[in-house]
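Working notes for the structure below.
Values in this text are rule-based calculations from the coordinates and carry no lab data. This one's a predicted model, so the numbers in the text were calculated from it and none came from an experiment. Here the Cβ positions follow ideal geometry from the backbone for every residue, glycine too, while neighbour counts run over all protein chains shown.
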Ligand code: PCA
């Protein structure tokens, strides 16, 4: 029995992506008799969803948690919904694709809810002293794309494994580096951050709560 955990490779101005580090760290760990399969997805609109489907077909996971970086958010944010939009904003993907106001699936509905127990996960993280909140937008970049596309795929397949998306903030090292590269010490420009250990524990608990909910 497996649990699928995906992170993303670095993208845009970011030299690191905590979601990649968390996926690598938890790969192989056991939770309640399930083995976590950690996988790092490309930040490419043309490839990420196909890779996610391949992993689901290969591992037939009992639950799927996709993660990515949301630099600037103050804690772990559990996404409630994915919407049917691809729009890269000011950040092209890693293959230089720049979708603007496109539909992910032109013939499908506007949105899909995550099927993780979103509110229970957040409550559990807060109880553990991990800053977290529910988020009502995963944006319109790859993170939203993988949430929407994977939920659409699972529904079409009749696969009821719970699936959702968790955005992770910067690590303290990333926030310090970005401040050094930017305004340095004079402005109040340092981004909020959370230690990698806390981020790892947050994702562990996300799986715990999801399995307990089944
Ligand atoms: N974060 C981006 C894409 C990859 C990642 O880690 C997002 O929030 O869409």
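Quick notes
- Of the residues making up segment 15-25, just one is more than 14 Å from the chain's Cα centre (by Cα) and surrounded by 19 or more Cβ atoms within 10 Å (Cβ to Cβ), namely 25.
- Where strands (runs of 3 or more DSSP E) fall wholly inside segment 1-97, the ranges with 3 or more residues that are touching a residue at least 60 places away in the same chain (Cβ under 8 Å) and away from the ligand (no atom under 11 Å from the Cβ) are 2-8, 63-69.
- Residues in segment 135-158 that are within 16 Å of the ligand (Cβ to nearest atom) and either part of a strand (DSSP E or B) or surrounded by fewer than 19 Cβ atoms within 10 Å (Cβ to Cβ) (or both): 135, 136, 137.
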